[in-house]
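All remarks here apply to the structure that follows.
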Amino acid sequence: MENIISTFRQLYYTCKEQNKPIYETAIDYEVSRGEYTEYNLRLQAKKSLDAMKEAIKIGLTSTEPSPSGMSGNDCDKLQKSFKKSVSILGSTARKIMTYALATSEQNLRMGTIVACPTAGSCGIVPAVLIAFAEDNNIAEGEQINALITAGEVGRIVSNKMALAGAVGGCQAECGVASAMASAALTQMRGGNIKQIINSAALALKNVLGLTCDPVCGLVEIPCVKRNPFLAIHAVTASELAMADIISKIPVDEVVDAMEQTGKLMSPLLKESSQGGLAKTKTAIILEKNILK
Amino acid sequence: MRQSSIIDIISPTMAGPSSSHTAGAVRLGLLARNVYNAKPDKIVFKLYNSYALTGKGHGTDKGLLAGILGFSVDDKRIKHVFETPEAKAINYEFEYLEDFNRHPNAVDFIFEGGLNMTISGDSIGAGEIILTKINRFSVNLDGKYNTLLFVYEDVPGVISNVTRIIQEDNVNIASLHCDRSGKGKDASMCICLDGEISKQCLHTVSDLKNMYIVRYIKKLES
C-alpha cells in the first residue's frame, strides 16, 4: 500500500521525515500515484500561472461591463484612486487588491481565467502570488513551487469536502482560495512548514460559515468584490503565521468544522440564490430588471 | 475512489464565470457527446436545482450546449455559443426543474434520433463532473480515464471475455463498474483504463455477441 497523504497532519510528518518542503512532498505524492510525472505537474502549473498572468493583464485595462451590466469597472476605479490619493496600504497590498479585482472582473465577462480552486474565487491565489512575486523578484520556478503548495492545500481540503458553493457555501470557494493563497505567500516568504500550514489554518478558520448567496444567481454580487477582500485576508493569515501565532484549533479540525458547517448551512444559502443577499429588496429589484 | 489531484485544484483554464456551472457544464456536455457518439435529431437538456435556479446567469445552458458541440472549456466561442453556426445546425431545448433527491448541480441529456439515450450527470465542484446514469443503468464516469462502456445481455462470461481481450492488448484496468436491469436482462459495464487500447482490441470487443452498445470514451483533456 502506498503512503496516503489525505490530512495536513500526514503532510506535515511526511515533510518532516523526509526533510522536504511541501511542494516537493506534494509532487512526490502525485508521482507515486502514477498519474503524473514531475515534468507534467510543473508544466501544468506553469500553464496555469501563465494564464493567470494573462487574465490579470487583460483585466487591468478592460472596463467592459458584465453581461448583466451590474459591474466591470471597479478595477479601473481602484487603480485611478490608488494613483491620485494616498492609501494606507503598502504598494504590494494595493497591487494584490487590484490584481484580484482585475481577475474576477475578467471572470464575470466570461473571459479566460484559471479556476483556482473555482472560477468564482479565481482572483485570490493569482493576486497574492503574482503581486508578491513581481514586487520581490521571485523567480518563475519559485512561483511554480508556491502554486503547487497552494494546490496541495486545496487538494487536502477537497478530500474532506467538495469545493463548490452549492455544497459548502462560499467558505468552500473563496475561503479555500484564501487558505491556498496564504500558504503560497508564506512559502514564497520563506516560512517553514509549520508556518505555511498554520497560515492556511488561520485563513480558513476565519471564513467559516461564509454563505454563497449570489444576487440574480450570477457570479457577480458579492463574488467580484469578495476576491480582493479574501486576498487581503490571506495576507493577514500569512503575517500572523510568520509571527509564529498558532491556530489553537489544528488545521485538520478546522477542515472538519468547515465540513460540518457546510452541511448545517441551509440550502437557501448555498448557491441557490434563495436567501441572504440574493433575497434582499434591492436584489429582487435587480433581478426583475436584469433577468427579463 | 480516486483522490483529487493538485492539478484539479489549480486548473482548468476556462471561460468564466463559474467552474461548476460553466466549465463543469461544458465537461458534462463533452462527456455526454462522447457517450452518445452520433448525431441526434434533438437534444433536451433538463437542468435541476441550483443548475436550474442559477444556471442562466452562469452560462450553464451555454456550457452544456458548447460541450455537446465539442468545444473545450477555454473556447472563446462559449460566450456566444447560441449564435454559432454549429449551434444553429442542431435542435435543442432547455427545461428547468427542481428535485431535491438529485444533486444540487444535476442535468439530464435526452438525445432523440436514430438512437434514443438519456444520460444523467452531476457537477460536483471545481469543474469536476460525473456521469451517473445512462438510460436506466447506473454508471460512474468522470472523464479522467479512457473508458470502455458496454450495454449488453446479462449472460455468463461477458465480463471475462472483455477483460481477457483487454489483457491481451496489454492494457491495465483501473476500475470496473457493473450494473444490470435484472437477472438475464440488460447489463452495463464501465471499464476505466490506464493507457490506450488498440483499434484491433476495440473491434474485437465490439464484435462480441450479446453486445448492444459499445463505446470507447476518451478521457477529457481538461
- Message: If the requirement is being closer than 20 Å to A:Ala184 by Cα and not polar (S, T, N, Q), which of these qualifies: A:Glu64, A:Glu54?
- Response: A:Glu54
- Item | helices (runs of 4 or more DSSP H) contained in the range A:209-292 and holding at least 2 residues in contact with a Ser or Thr (Cβ under 9 Å, 6 or more places away or on another chain), touching a residue at least 12 places away in the same chain (Cβ under 8 Å) and within 14 Å of chain B (Cβ to nearest Cβ) | A:223-242, A:281-290
- First in the range B:1-28 and within 21 Å of A:Leu147 (Cα to Cα) and more than 7 Å from chain A (Cβ to nearest Cβ), second anywhere and among the basic types (Lys, Arg) and crowded, with 24+ Cβ neighbours inside 10 Å, Cβ under 9 Å, 6 or more apart: B:Asp8/A:Arg155
- Scan the range B:62-78 for residues that are buried (at least 24 other Cβ atoms within 10 Å of the Cβ) and free of Cβ contacts under 8 Å to residues at least 40 places away in the same chain and jot them down. B:Leu65
- Message: Being over 17 Å from A:Leu129 (Cα atoms) and crowded, with 24+ Cβ neighbours inside 10 Å is the filter here; which residues of the range A:179-206 pass it?
- Response: A:Asn198, A:Ala201, A:Leu202, A:Leu204
- Message: Considering only the range A:62-85, I want to know if a residue exists there that is over 17 Å from A:Ala234 (Cα atoms), of a type in the set (Gly, Ala, Ser), within 12 Å of chain B (Cβ to nearest Cβ) and within 17 Å of the chain's Cα centre (by Cα).
- Response: no
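Yes/no matrix, rows are residues, columns are (1) away from chain A (no Cβ under 14 Å); (2) in contact with a Gly (Cβ under 6 Å, 6 or more places away or on another chain); (3) of a type outside the set (S, T, N, Q); (4) under 15 Å from B:Tyr216 (Cβ atoms):
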{"residue": "B:Gly121", "(1), (2), (3), (4)": "yes, no, yes, no"}
{"residue": "B:Glu128", "(1), (2), (3), (4)": "no, no, yes, no"}
{"residue": "B:Ile134", "(1), (2), (3), (4)": "yes, no, yes, yes"}
{"residue": "B:Asp142", "(1), (2), (3), (4)": "no, no, yes, no"}
{"residue": "B:Asn146", "(1), (2), (3), (4)": "no, no, no, yes"}
{"residue": "B:Val151", "(1), (2), (3), (4)": "yes, no, yes, yes"}
{"residue": "B:Val155", "(1), (2), (3), (4)": "yes, no, yes, no"}
{"residue": "B:Ile159", "(1), (2), (3), (4)": "yes, no, yes, no"}
{"residue": "B:Val162", "(1), (2), (3), (4)": "yes, no, yes, yes"}
- Task: Within the range A:131-141, track down each residue that is closer than 14 Å to A:Thr186 by Cα and surrounded by fewer than 23 Cβ atoms within 10 Å (Cβ to Cβ).
- Result: A:Ala133, A:Asn136, A:Ile138
- State which residue is nearest to B:Val35 (Cα to Cα) when the search covers only the range B:197-222 and only residues that are in contact with a strand residue (DSSP E or B) (Cβ under 6 Å, 6 or more places away or on another chain) and in a loop (DSSP other than H, G, I, E, B). B:Lys218
- Query: Is one or more of the residues making up the range B:81-94 among the hydrophobic types (A, V, I, L, M, F, W, C), within 13 Å of chain A (Cβ to nearest Cβ) and under 15 Å from the mean Cα position of the chain (by Cα)?
  - Reply: no
- The residue from A:Ile144, A:Ile156, A:Ile113, A:Ile148 that alone is within 11 Å of chain B (Cβ to nearest Cβ) and surrounded by fewer than 24 Cβ atoms within 10 Å (Cβ to Cβ) is A:Ile144
- Task: Evaluate the following for A:Ala133: is it more than 9 Å from chain B (Cβ to nearest Cβ), at negative phi and not in a loop (DSSP other than H, G, I, E, B)?
- Result: yes
- Task: Kindly establish whether B:Lys76 is under 22 Å from B:Ser19 (Cα atoms) and either of a type in the set (Lys, Arg) or under 12 Å from the mean Cα position of the chain (by Cα) (or both).
- Result: yes
- Query: Only one residue in B:Asp207, B:Asp142, B:Asp154, B:Asp186 is without any contact (Cβ under 8 Å) to a residue 24 or more places away in the chain and of a type in the set (Asp, Glu), so which one is that?
  - Reply: B:Asp207
- Criterion violated by B:Lys56 - all others in (1) within 11 Å of chain A (Cβ to nearest Cβ); (2) touching a Lys or Arg at 6+ places or on another chain (Cβ under 6 Å); (3) surrounded by fewer than 24 Cβ atoms within 10 Å (Cβ to Cβ) satisfied: (2)
- Query: Can you spot a residue in the range A:20-35 that is under 29 Å from A:Gln10 (Cβ atoms), more than 15 Å from the chain's Cα centre (by Cα) and more than 13 Å from chain B (Cβ to nearest Cβ)?
  - Reply: yes
- Item | Meets criteria (surrounded by 24 or more Cβ atoms within 10 Å (Cβ to Cβ) and more than 17 Å from the chain's Cα centre (by Cα)) for A:Leu218 | yes
- Task: Test A:Ile196 against the stated conditions and say whether it is over 20 Å from the mean Cα position of the chain (by Cα), away from chain B (no Cβ under 13 Å) and touching a residue at least 40 places away in the same chain (Cβ under 8 Å).
- Result: no
- Query: If you check A:Leu49 against the conditions, is it buried (at least 17 other Cβ atoms within 10 Å of the Cβ) and either more than 8 Å from chain B (Cβ to nearest Cβ) or of a type in the set (S, T, N, Q) (or both)?
  - Reply: yes
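A short reminder: the numbers here are calculations on the coordinates, not readings from a lab. Keep in mind the model is a prediction, meaning the values are calculated, not measured. FYI the Cβ positions are ideal-geometry reconstructions off the backbone, even for glycines, and counts take in every protein chain you see.
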